[in-house]
Each structure stands twice: as C-alpha cells, then as structure tokens.
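Participant: One structure is given below, represented as structure tokens, and several questions about it will come after.
Nothing in this text is a laboratory measurement; each read-out follows from the coordinates by a stated rule. It should be emphasised that the depicted structure is a prediction, and the values quoted were computed from it without experimental measurement. Note: ideal-geometry Cβ built from the backbone for every residue, glycine included; neighbour counts use all protein chains shown.
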Amino acid sequence: MERKEFKAESKRLLDLMINSIYTHREIFLRELISNASDAIDKIYYKALTDNSLNFKKDDYYIRVESDKNNKILKISDTGIGMTKEELENNLGVIAKSGSLSFKKENELKDGYDIIGQFGVGFYSAFMVADTVTVISKALGSDEAYKWESEGVEGYTIEACEKDTVGTDIILKIKANTEDENFDEYLEEYKLKSIIKKYSDFIRYPIKMDVTRSRLKEGTENEYEDYTEEQTINSMVPIWKKNKNELTQEDYEKFYSEKHYGFDKPIKYIHTSVEGVISYNAILFIPEKTPYDFYTKEYEKGLELYSNGVLIMNKCADLLPDYFGFVKGIVDSEDLSLNISREILQHDRQLKLIAKNIKTKIKSELESLLKNERDKYEKFYQSFGRQLKYGIYSEFGSNKDVLQDLLMFYSSKEKKMVTLDEYISRMTAEQKYIYYAAGESIERIEKLPQTELLLDKGYEILYFTDDVDEFAIRMLMTYKEKEFKSVSSGDLGIEQDENENNSSQDDKENKELFESMKKLLAGKVKDVRVSKRLKNHPVCLSNEGELSIEMEKILKAMPNNENIKADKILEINANHQVFKALKEAFEKDKDKLNLYTDLLYNQALLIEGLPIEDPVEFTNNMCKIML
Ligand code: ADP
Ligand code: MG
C-alpha cells in the first residue's frame, strides 16, 4: 500500500479547515452530494454522445446511509467514478489554488469564518469525520480503488473490490466534543433536514432509509417500526417548472414553505432570463411589514442557488436596500458553487443579475400601481417608508428609480396620490407642489398655514412620515416642479391686493413688530403680518434649510438637542386679536409682553412643538381672565 502526503498547499488549507471554528459544518453533506450529482451528470453527458452507453434514468441516484452503532455515514453514487490517477489528482490536491491566497488575505483582515467565506469541496468531509474513505470504480474500468485519509498527514491508496461503477464516500464520524454533537450527523431527521435545506433540487434522487411506523398485522393497536427507502429531495425546483403549469396557489405554497412570511404575498414575479447571463428567479412582494423590518436586525437578501444547489441563504448583494422587502430565490448556472461571499461581491455575473432584478422589481411595482391600485396602496402602506428612505439615502442617487413610486395623501382627493397625478392637476399659474408636514392627516388639516392655499383651491400633499420631508428635500423637484412647504416664507402664489396690504401693514406696524421681536429674542427670527392666515390669529412659518417639522424629528434623536429651525411669527392683521395687540402696544407695555408670549406659545402648540415654560404660560392665561 502506498502512503502519500498531500501537496503542501492542500495540507495548509486542510489544516485550517479542520481546526478553525466553523458555524456551518453541515455543509459537508451539500458538498459531497453535489460532487455525486456532478459525477452522474458526467455519465449522462457521455451517454449523449456515446451510443454504447444507455442512460436509464432509474439507474442513477445518490444514497445516504447512516450506521449509528459504528458511527459511519456513507454517501454513494452511481456516477462516473474515479480511476486511481483521478483519485490521486482530484482528491490529493485542492483544485482551487486561488482560494488559499484569498483566504490568507481575509484572515489577516478580520479572521472570517472560512467556510462562510468560500465554498469547500470534498475536504469539508474532514470537518465531521476522522477518517474519510473513498471507494471508487470508474466507468469503463475493471478495477476499483480505495483512497483513505485521516486528515492532514496524507492518504493511502490501494486496489479493492467494488461491483458497480460509481463512488462510495465513507465517513467515520468524529466523537462528540463539549461544543459539538457530531452524532447529529448520523440522525435521520438531521440528515433529512440538511438534504432538504441544501440539496432539495438536485436533479437525481437522493435516497435514504427512513424509519416509519405501522400497525402490526393482525393487531388493532400494536405498532411496529419498519424502514423504507425514500427519496428525500423534490428534484425539480418550482422555478424550473413551466410557468403555465403553475398556479397562484403553487407560488403561495412555496412562499409559506420557505417561511418568507406569514402573510400571502401581494405579488409574485417569476422570470427566466437567458443571454449574457442566465438565471431563473422567483420574487415575492410581501403584503405585511415583517415585525423587524424597520430595525437593524432585519436582513435583506435573496436565496442564491447555483444550478439547484443552495450557495447562500441571504445574498444581500442581490437587492438594493430600498427593495429590501423582496423575498425569493435566484438560480443561475453561471455561478460557481465554490464561491465566497467576498468573491460574490465583486462577481460580474452577480452584479448583472442584481441590476436586472432591480429593474424587474421596479417595473412590476409600476404595473401594480397602474393596474392594481388597491394592492399597490396596501404594499405602499407596508413598505412606502422604505422607498422614501431610498430616495433620501445615498445622496439621492436612486431618485430616478423611485420617484414615480411615491405616494402621499392629498388634501383634494382625500386619498393617496402619486406625484404625477398631482402634477396633472396643477393649474397653469401654479408654480409649486405644495406640502404640509405633521403628525397625522387630522392635525395637518387643522394647520393654519394651509388656510390660504386651500382657500385658493390648491392641492396639498400631507407628509405624515418622519422621513417624508427629508426625502422630498433630497428630491428637490419632480418633473421640474419644485416642492414647497406650506410653512415656508414665500408660497409663490399670485400677488394680489392682499399681499400689498400686508407689506403695507408691515411698514405701518414696524415699531410694534420690532418690540415683539425683542420680546421673543432667540425664539423667532422675525415677526410679520401673515399672507396666508384667514381665520387663525397666528402661526409660525420658516425660512432656511431646516423646517420646523424637521427640527422636531432631529431633536428626537440623540445629540441634536440644539437643532433649531429659523422661525417667523406670523400675525393675522385682519383678526380681532391684532387690534388688541396694537392697542396694548400704544397703551400698556406689560400687556404687550403678555399677549406676545401667549401668541407665540399658541403658535408653538399648533405646530406640535413643546412650550418652553408651561407654568408661565398657564399663569399668563389666568392673568388675562382676571
Ligand atoms: P469541485 O467539486 O469544486 O471540483 P471538490 O473538492 O468537491 O471540488 O472535488 C474535487 C474533484 O474530485 C471533483 O472535481 C471530481 O473530479 C472529484 N470527485 C469528488 N467526488 C466525486 C464523486 N463522488 N465521483 C466522482 N468524482 C468525484
Ligand atoms: Mg465539489
């Protein structure tokens, strides 16, 4: 018997693999089954060109056998097998030599979990086994060989007996340690679940003896166990089936089997793309927001398969953040199984797929909006916020993808409308898209700032989400129309006599406003006659980059206590209160002080801003009653 050492590089990698801390030991089975499937494929392709070979589908399968007593797990296949030379060349050297240097780099960086980092092939068997024995008979050969290794030290190879063509991989499973229960890999339920998880769509049957229970013959309530060979994998994945054969129920069943959500998806998308890159994908748009969706815990991503074999559970690179709610799978033949996450990130194929998927999701959402408005609104209710975050983040670079998908509540339509719908209703002289920000529709409806605009028949969009105004500021314009807050200084509406009057009033009452401004020093930037109030006595408007609504939101975050919007106190010159104010200014400075404080605090209350000194405010209220 010959004893040979592994090639130096293989030795180092093997050592690393066995001794590092792995979180996904179970993938050894995926690797061995994939190899077995490849070996059967090879016979199949040979048979296509070689007439002497007759490929009878039933003869080709993979079998997993567990012998708990002896701690032996065996994976057999009826594939092409290996000659002596092939055993030496394929199992004695790690084929992917680039892996080693790559892993070295990453280890230096931050000590990744190696298995998660790049796929491991045959050698992963050593993660669970002390000894690996391979017995193989190659197609067209009379001899069989046994290759055996206990890990890093090397391997032996010798002739042996095997009746049929194919390969048996025999693993002597490791003894349990404190941290790891290796016996698990001999348990029927565990093996079944690993096979289901990673290898469900392997094209050939993966057979295993399964223990079942049945009524003992001739008895009424005595049961006995018996074993039965079962095929564990379902073989044909739903995404490889013909779309015409599938019903909505099939997709919904898949959605729930995959645990994508407890809801029913609002929409499924099944696409097959062929060309520079080929892939199948089934994507789902859920109806309900997952409970952790808007938290850091939520992980976006699609399941990534290479030709039916799972390579990644949640491939984040396939989805932009703003479409992070999408669930589903992508299967591509163009991706290699042994591919690392790091490599994936730079993978050109993967980038192409991601780009296609993004475009597809966008167009499907647009068609939902156009053709199934109710469903779109439901979707928007759950995930609209994410789209708005998408506009705001990355310096607005995703505006073009997302702006047509936005919706806001409209003062005119009393329902959600798109920006495009708003624009289509704008009159010739209307310069801006008006919006009002506040906590709820009910509160915004009562905002004094909206009075004039509503009175003049302008439509206002209501911003009730924290992110709304930030997103819109990033957007700046939609179809060349600028957005304008109802609280901003200049509303840009027709300058009628009302406007002239107010500047007239400003001049006339310069001294009054100057003294009010002094009284409110540090609180407001200016005091003016309002152009927008009709029935209310006061309101706040604002100038500059930061709106009052934004101040509220930012202040609620840590370290932002000192954020302040530039506020203007606007007074309605046609209101009774204004006369009282003027009178006080002329006759009673204490009263002016009192009125100014009351009006300012009222304006704060209307905005939903906290009053700086509630005790003083209530005391002042009492004073005017006495
Ligand atoms: P990869 O599958 O990426 O090539 P592996 O380490 O998994 O790398 O396997 C190395 C090689 O060993 C395979 O390419 C194949 O040639 C051979 N091999 C492994 N398992 C089998 C098997 N069950 N039947 C035939 N050949 C096999
Ligand atoms: Mg392999």
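Participant: Between D321 and Q576, what FRET efficiency follows from the Cβ-Cβ distance if R0 is 56 Å, with the result rounded to 0.05?
Facilitator: So the FRET efficiency works out to roughly 0.60.
Participant: Enumerate the amide H contacts of G489 below 5 Å, restricted to partners 5 or more residues apart or on another chain; note that Pro and chain-start residues carry no placed amide H.
Facilitator: N542
Participant: If you take the beta carbon distance between T464 and E252 as r and set R0 to 45 Å, what does 1/(1 + (r/R0)^6) give as a FRET efficiency, to the nearest 0.05?
Facilitator: In this case the efficiency is close to 0.90.
Participant: First measure r as the distance between the Cβ atoms of Y226 and K57, then evaluate 1/(1 + (r/R0)^6) with R0 = 25 Å and state the FRET efficiency to the nearest 0.05.
Facilitator: 0.35
Participant: Label D163 and E511 with points 7 Å out from Cα along Cα→Cβ: what is the distance between them in nm?
Facilitator: For D163 paired with E511, the spin-label model returns 11.8 nm.
Participant: Okay, next question. Quick one: if you stick a label point 7 Å off each Cα along the C-beta vector at K564 and D588, how many nm between them?
Facilitator: Placing both labels 7 Å beyond Cα along the Cβ direction yields 3.0 nm.
Participant: Round to the nearest 10 and give me the degree value, 0 to 90, for the angle of helix 8-19's Cα axis relative to the longest principal axis of the chain.
Facilitator: Taking the Cα atoms of the chain, the angle to 8-19 is about 60 degrees.
Participant: Using a cut-off of 15 Å between alpha-carbon atoms, which aspartates and glutamates can reach K552, once sequence neighbours fewer than 8 places away in the same chain are excluded?
Facilitator: Excluding near neighbours in sequence, the set is E439, D465, D466, D468, E469, E561, D566, E607, E612.
Participant: Now a separate question. How many angstrom lie between the Cα centre of the range 162-202 and the Cα centre of the range 275-308?
Facilitator: So the two Cα centres are separated by 29 Å.
Participant: While we're looking at this one, here's another question. Using the alpha-carbon atoms, what tilt in degrees (0 to 90, nearest 10) does helix 614-625 show relative to the longest principal axis of the chain?
Facilitator: It is inclined by approximately 30 degrees.
Participant: With both bridge residues required to lie in the chain, what share of the DSSP beta bridges run antiparallel, to the nearest 5%?
Facilitator: Roughly 80 percent of the beta bridges in the chain run antiparallel, per DSSP.
Participant: Cα-Cα over 24 Å: which of K412/K484; K327/K415; K415/K456?
Facilitator: Checking Cα-Cα distances, K327/K415 exceed 24 Å.
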